[in-house]
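This report concerns only the one structure given below.
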2 protein chains.
Amino acid sequence: MTMRQPKTRIQKKNTDAILDAALDVFSRQGFRGATLDQIAKAAGLSKPNLLYYFPSKEAIHVTLLSQLMDLWLDPLRHLDPDGDPVKELLTYVQRKLEMSRDMPRESRLFANEILQGAPRLSGTLGEALKPLVDEKAEIIAAWVAAGKIADVHPQHLIFSIWSLTQHYADFDVQVRMLLGGPEADPFPEAERYLKALFTRLLTP
Amino acid sequence: MTMRQPKTRIQKKNTDAILDAALDVFSRQGFRGATLDQIAKAAGLSKPNLLYYFPSKEAIHVTLLSQLMDLWLDPLRHLDPDGDPVKELLTYVQRKLEMSRDMPRESRLFANEILQGAPRLSGTLGEALKPLVDEKAEIIAAWVAAGKIADVHPQHLIFSIWSLTQHYADFDVQVRMLLGGPEADPFPEAERYLKALFTRLLTP
DNA sequence: CGTGTTCTTGACCAGTTGGTCAAAAAACGA
DNA sequence: TCGTTTTTTGACCAACTGGTCAAGAACACG
């Protein structure tokens, strides 16, 4: 697997299977807790075959994380300084909540990495995340200054959106248990709750 | 180490050192990612000596978790149905935030366990956590019914308190990076922000 | 077809893992 | 003090870890 760009059908199929399986395993076990055997088994490949497509366990993890960062920050990028402030923020909350519902593994992968001190992510965090958050924090600060939303600390507002939405993915086991069984879907009520919360918080 | 109750000075000192070291390691690496060698080194003991005090790696982890649950739920137990509702809840928020500040390792240990699907905790979760949360959710529901706080979903309110406060421990690396450097203490501003948030959310 | 390339795998390796054990070293108690 | 108990450890083990390699199987294509 020295070639980079030209992917045959087989290459595409297998790298996808590997990354999907690795997402399963890494998101549950963390980097150190995951094993190549688990990933290989989940991908339906042999271990040497994994290492034909990726040079190392770490390479799989890094690939996963860098793909994730883009996806993960996308909703924040869409925060429009010219839109209606409260509506913009509520839309952001909802998008993030949908991501927790539809991509819980990605959320847990990210959480695991941060919990461990972000050893493989601190670079990206400073280069991709920080500038974006700074930029959006300024927009929020401008909204506050203009009296269009209530007086809130921009960064902490962003933290609260992240924590409240990602909680439903990362602590999913706990949430479902406390709401009385795995059959019930927590998300419709979560959406209502968060919408009310941020409406009351932000409306001037 | 067959005797259970009668702890000599040495036993107390060493089991404490082991549990403290294990908390460090488990909270960062998760159960599978942690090794007995890491724990032993951090505790200043040899690996066989660890296993003189605890029968297995899992036993150390289980001991930590069961000790933690008690501590962790303590602030919620203090929620007083006869107190002033908003004040009671704000006090709970503040206690939880203080725990994130003063016991971040415990918070991360818990987060790690839940992230992994709570394999070693699902029992305790159902037996200790669920009844307590059910009880306190009823108190909150009664406050809502009496019009003493705004109309919020009790369980989701509790989730939001947990997620918002624990975020400052679990995602500490990210928080500090985005606030501009590890030197600044995020907690004073976090306290102000959360107090305002829950005041606006709960005041009828 | 045939042949060159891509893909797959069984066997293997060195380092690490959780855990054992017997014997030595400390600490204790009379 | 000396014998007993508690504590500590070096040597060791089988299972597992990430990773290698050479050889075979499947595929592409003229």
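Some observations on this one:
- Taken over the range A:168-202, the residue count meeting the criterion of being within 22 Å of A:GLU106 (Cα to Cα), without any contact (Cβ under 8 Å) to a residue 60 or more places away in the chain and in contact with an Asp or Glu (Cβ under 9 Å, 6 or more places away or on another chain) is 2.
- Condition check for A:VAL62: closer than 22 Å to B:VAL173 by Cβ and either more than 14 Å from chain B (Cβ to nearest Cβ) or open to solvent by less than 30 Å² (accessible area, probe 1.4 Å) (or both): yes
- Flag for B:THR35 being within 12 Å of DNA strand D (Cβ to nearest atom) and either within 14 Å of another protein chain (Cβ to nearest Cβ) or under 30 Å from B:SER160 (Cα atoms) (or both): yes
- Scanning the range A:129-146 for any residue that is within 11 Å of chain B (Cβ to nearest Cβ), free of Cβ contacts under 8 Å to residues at least 60 places away in the same chain and under 22 Å from A:ARG105 (Cβ atoms) turns up nothing.
- The range B:44-63, residues that are more than 10 Å from DNA strand D (Cβ to nearest atom) and touching a helix residue (DSSP H, G or I) at 6+ places or on another chain (Cβ under 6 Å): B:PHE54, B:LYS57, B:ILE60, B:HIS61
- The set of residues in the range B:78-133 that are within 15 Å of the chain's Cα centre (by Cα) and acidic (Asp, Glu) comprises B:GLU98, B:ASP102, B:GLU106, B:GLU113.
- Count - residues of the range A:38-59 that are more than 10 Å from DNA strand C (Cβ to nearest atom) and either open to solvent by 50 Å² or more (accessible area, probe 1.4 Å) or within 14 Å of another protein chain (Cβ to nearest Cβ) (or both): 7
- The listed residue being at negative phi, open to solvent by 60 Å² or more (accessible area, probe 1.4 Å) and within 14 Å of DNA strand D (Cβ to nearest atom), out of A:ARG28, A:ARG95, A:ARG101, A:ARG77: A:ARG28
- Top-ranked residue in the range A:162-190 [being of a type outside the set (Lys, Arg) and more than 10 Å from chain B (Cβ to nearest Cβ); ranked as surrounded by the most Cβ atoms within 10 Å (Cβ to Cβ)]: A:PHE187
- Checking each residue in the range A:90-145 for being modelled with pLDDT under 95 and touching a His at 6+ places or on another chain (Cβ under 8 Å) picks out only A:ARG120.
- When residues of the range B:85-103 are limited to those that are of a type outside the set (A, V, I, L, M) and touching a residue at least 40 places away in the same chain (Cβ under 8 Å), the one nearest to DNA strand C (Cβ to nearest atom): B:SER100
The values are calculated or read from the model by the stated rules, or taken from the named source; none is laboratory data. The structure displayed is predicted, hence computed values, not measured ones. Methodologically, a virtual Cβ is constructed for each residue, glycine included, from the backbone with ideal geometry; neighbour enumeration extends over all protein chains shown. Side chains included, ligands, DNA and RNA excluded: accessible areas come from the protein's heavy atoms. Shrake-Rupley method; radii C 1.70, N 1.55, O 1.52, S 1.80 Å.
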